[in-house]
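For reference, the structure discussed in these notes is given below.
No value in this document is a laboratory result; all are computed from the given coordinates. As the structure is a computational prediction, the values presented were derived from the model and not from experiment. No Cβ is skipped: glycine too gets one built from the backbone with ideal geometry, and neighbour counts run over all protein chains shown.
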Amino acid sequence: MRVVILGGAAAITLVIALGAFSETPFLKPLDFFFYDRFMAYTAVHKKTPDRPDRVVIVDVDETSLSAAGQWPWPRYRMARLLAILAREHPKAIGLDIVFPEPDQSSLKNIRTQFQKDFNLAIDFTRVPASLTDNDLFFAQILNQTRTVGARYFYFDHASPGGVCRQSIHTITDPENLLSLHTAQGVLCNTSSIETLLESAGFINNQYDGDGLLRQTPLLIGFQNEIYPHLSLAVLMKALDLTTARVEKGGFGPEIILGDHRIPITRDGFVSIGFKGPSRTHHYLSAVDILNQNFSPADIRDKIVLVGSSAVGLNDIHHTIFDPYFPGIEISAVIMDNIETAGFIIRPEKSALFISLVCGITGILLAALFFRISGPWLLFSATLSWMGLVLGASLLFFFQWNLFLSPAAPLLLGILLFSFLSFARFADEKRAAFIWYQQLADAQQLTMEAMVSMVETRDPETGEHIVRTQHYAKAIAEQLRTNGHFPDILSDRFIKTLFLSTPLHDIGKVGIPDNILLKPGQLTDEEFVQMKLHAGYGETIIQRASGRVTGSSYLEMAAQIAGTHHEKWNGLGYPRGLSREDIPLAGRIMAISDVYDALISKRCYKPPFSHEKAMAILHEEKGKLFDPIIVDAFFEIEPAIKQIAAQLEDHET
C-alpha cells in the first residue's frame, strides 16, 4: 500500500512540477490571480518616496475635443501645441499619435480636391507657402522641437507603402540574448512627416489571455533591426542617449540605458509595475496649452507626453487597477519604472525554481504523511508549509519586485493533501476491513468448532448441517421473491440466516450419550430429556453472544436453536409458541430440519424418499409449519432436490 501511495504522490508531483517548468497554460489563471493580488497589496502597503513629477501628460481629452474641434485636428493645430510646449524647454517631447493619412484640411489638398471634383482651380492669396501644406508644416515643427514620434507594428500582415525612417536611437544585442517578436509590417506617418521626423518609438501593447494589460513589449524586431517602445525612445532623448545595449543580468537580459538597468524577457517584454489606477501622473489638458492657461514650471525640464484619454480615440486599456487606463499613461508608468527600478521582475529561471519547490513540496508532504498519524497534525503541517511558500513569494515581490508564482506549489499542496488524506482513509478502511475479516474468520472458526463438537457427539449429523443451511437460504430467497416479509427479508437477514443455521442443534452436547446415540425409539422420559437440547442450545449461544457486541449472527443462531422445534399450531417445544409468535428464522429452519431428517438415514429409521417426505410436509401444512413457508418450499422443489443430491451423506 505504501508503494501505491508513494507512486500516486510522485505522479501528482511530477505532473504539477512539469506543468510549472513548461509554463503550461492551465496554471496561467492561478499565476495571474497571485500576481494581481500581490500587485494590489504592494500598491497599498509599499510607500514610495515623494518626488516631483518628471513626466507630464498633455491630454487631448474630451474637453479639448469639445473646445477645439473633433478629431482629427488640423496638423497646424497639433504643430502649434508642440511649439508652445517646446518654448518652455522640456527635456523631451513624445507624441503618442500616428498620422498615417495626409491632412485633408491642408490648402494644398483642398485645391487638388476642387480641381478633381469641379475642374475648378482655386488660388489662395496672401497665404505663406509653408501653411498650404499642413503635413509639411507639422513635420517642420516636429523636427524643430525634436519631438519623438510614434509608429505601430503589424504581426499578421505586411504593410503596403513606404518605409518608416530609421530612428537615431539604436539598440544593440552583442551577445544575441534576445529572441524578439518579429513584425511583418509597420504603420508609419505620412512620408512628409517621416522625412523630417528625427526619432520615433512604437506604441504597441499586448494583453494577457484574460484581457488585462500586465506586460508590454519594450523592444520589437523588424527588418533585422531592434526598435524601442515610445517610452524608451523618449527617455533616451531626455537623457541625450542615442544607443543602448542588451546585457545578461542576474535574472535575465537587461537593457543598459546610461545608469539604468531595465530587466526584460528574451522576447523583449517588461512587466509593468502599476502603483494604482490612472490619473496618478500630472495631466494637463491640451486646450489649456493651446490657450496658454498653464504654469511654465509644469513643463520646464519635464518629459512631456502628448496623447489622448478620450474614449472615442480608442487608446484605453484594461489594467488590474483600472478598466480605463489611457495608453499615454502606460508610457509614463514605464518611464517611471525605468527611473525607479519599479518593473516586476520575472526571473529567467523562475520556472525551474518553481518546479524545484514543487518537488520539495511533494517529498515533504509524503514524508509528513508517513511520520504524522493524526489528520489534524498533517493538515497543520501542510498548511504551515503552504503559508511559508506563499509568504516567501509575497516577500520577494514586496521587497525586491521579484515575482515567483506560488500557484503551482500551492495547487500541489492542496492536491497532495487531498490525495494523501484519501489514501490514509482508504488505508484505515482497508485495515479495518482486514481486522473485521479476521474477526469474522475467528467467529466462523469458533462456530465450526462448536458444530464439530456436536458432530463428534452425534455422528448421524453428517452433511445435515450444510444441507439445512442451503435449504434455509433458498426458502428465504423464494419468500422474498414472492413479496413476503419485505421488512425482514433483507440481504443481511438472509446472509445472517445462512451463517446461523449450523448452530441449531448445538444444544445436543448437553444430552447424555445413552439417549443421543440410542439406536431405537426413545421412551417418553428419554424424549423429554432430548427436547431439552433446544433450550440448552439457546442458552449456550446467548452466553457467547453476550460477550460479543453487535454479533447479529449469534443472536439469530440463539433464536433458531431455541425455536426450530416450535410448531405452527402451538404444540411444539420448548415454549409452545404458535403462528407469528415463532420468529421467521425459526419457522424457516423448522421445515428445513424436518425435511432433511425425513430423507436422511437415522439409527431409528431408514431414509424416506423425496416424494414421501414432500407428502408428509404437505400434510403438515398449517399444523406443524407456516403455510406460506410450505408453499415457498414446494415452489423451489427442484432446487431442494439438487441441494440434497449434491450434499448427500456418504457411508464411512
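Exposure proxy ranking for D156, D596, based on other Cβ atoms within 10 angstrom of each Cβ and starting from the fewest, stands as D156, D596. Loop-located chymotrypsin sites (Phe, Trp or Tyr not before Pro) in region 597-638 (DSSP state not H, G, I, E or B) with no more than 14 neighbouring Cβ atoms inside 10 Å: Y604. Relative contact order of region 458-646: 23 percent, from C-alpha pairs under 8 Å at least 6 residues apart in sequence. Once C-alpha pairs closer than 8 Å and six or more residues apart are averaged by separation and normalised to the residue number of the chain, the relative contact order reads 13 percent. With the highest mean first, a sort of the peptides 82-93, 390-401 on other beta-carbon atoms found within 10 angstrom per residue produces 82-93, 390-401.
Modelled spin labels at K605 and D581, positioned 7 Å past Cα toward Cβ, are 2.7 nm from each other. Peptide packing: for 376-385, 255-264, the average count of neighbouring Cβ atoms within 10 Å per residue gives the ranking 255-264, 376-385, highest mean first. Phi angles of region 204-219 translate, via the Karplus equation with coefficients 6.51, -1.76, 1.60 and θ = phi - 60°, into HN-Hα couplings of 5, 10, 9, 8, 6, x, 8, x, 9, 8, 10, 9, 8, x, 9, 9 Hz per residue; Gly and Pro are given as x. Residues of region 355-370 with an amide N closer than 20 Å to a point placed 7 Å from the Cα of A392 along the Cα-to-Cβ direction: 355-369. Report summary: the helix-based calculation at 222 nm, which adds -39500 (n - 2.57) for every DSSP H run with n ≥ 4 and divides by the residues of the chain, gives -16500 deg cm²/dmol. Computed over the alpha-carbon atoms, the chain gives an Rg to Rh ratio of 1.43, Rh here being the Kirkwood radius from the mean inverse distance. Taking amide H as placed 1.01 Å from N in the peptide plane, the amide H of I226 sits under 5 Å from that of I171, each at least 5 places away or on another chain. A straight Cα-to-Cα reach below 20 Å connects K248 with the aspartates and glutamates D173, E175, E225, D259, D267, E339, E348, residues fewer than 8 places away in its own chain not being considered.
What the phi angles of region 565-575 give under the Karplus curve with 6.51, -1.76 and 1.60, with θ = phi - 60°, is a coupling list of 10, 6, 10, 4, 8, x, 9, x, 9, x, 10 Hz, glycine and proline written as x. The packing ranking of peptides 520-526, 197-203, 143-149, highest mean first, is 197-203, 143-149, 520-526, where packing means the average number of other beta carbon atoms within 10 angstrom of each residue.
Scanning residues 5 or more positions from F202 or on other chains, those with amide H under 5 Å from its amide H are R151, H229, L230, with H placed 1.01 Å from N in the peptide plane. Ranked by how many other Cβ atoms sit within 10 Å of their own Cβ, fewest first, the residues I363, I599 fall in the order I363, I599. Database remark: amide H of S271 closer than 5 angstrom to the amide H of I344 (H placed geometrically; neighbours at sequence offset of 5 or more, or on other chains; Pro and chain starts carry no H). Its relative contact order, with pairs defined as Cα atoms under 8 Å and 6+ residues apart, puts region 48-340 at 28 percent. Checking the cross-link pairs K508/K612; K495/K623; K601/K641 against a 25 Å limit on the alpha carbon distance flags K508/K612; K495/K623 as lying beyond it. Straight Cα distances below 22 angstrom link K275 to the lysines K46, K47, K302, with same-chain residues fewer than 8 positions distant left out. Extents of region 458-646, taken as max minus min of Cα coordinates on every principal axis and listed largest first, are 45, 44, 32 Å. DSSP beta bridges confined to the chain are antiparallel in about 45 percent of cases. Within the chain, the whole DSSP H helices whose Cα atoms reach 18 Å or more along their own axis and whose mean Kyte-Doolittle score is at least 1.6 are 2-21, 350-371.
Shape descriptor for region 48-340: Rg over Rh equals 0.98 (Cα atoms; Rh from the Kirkwood inverse mean 1/r).
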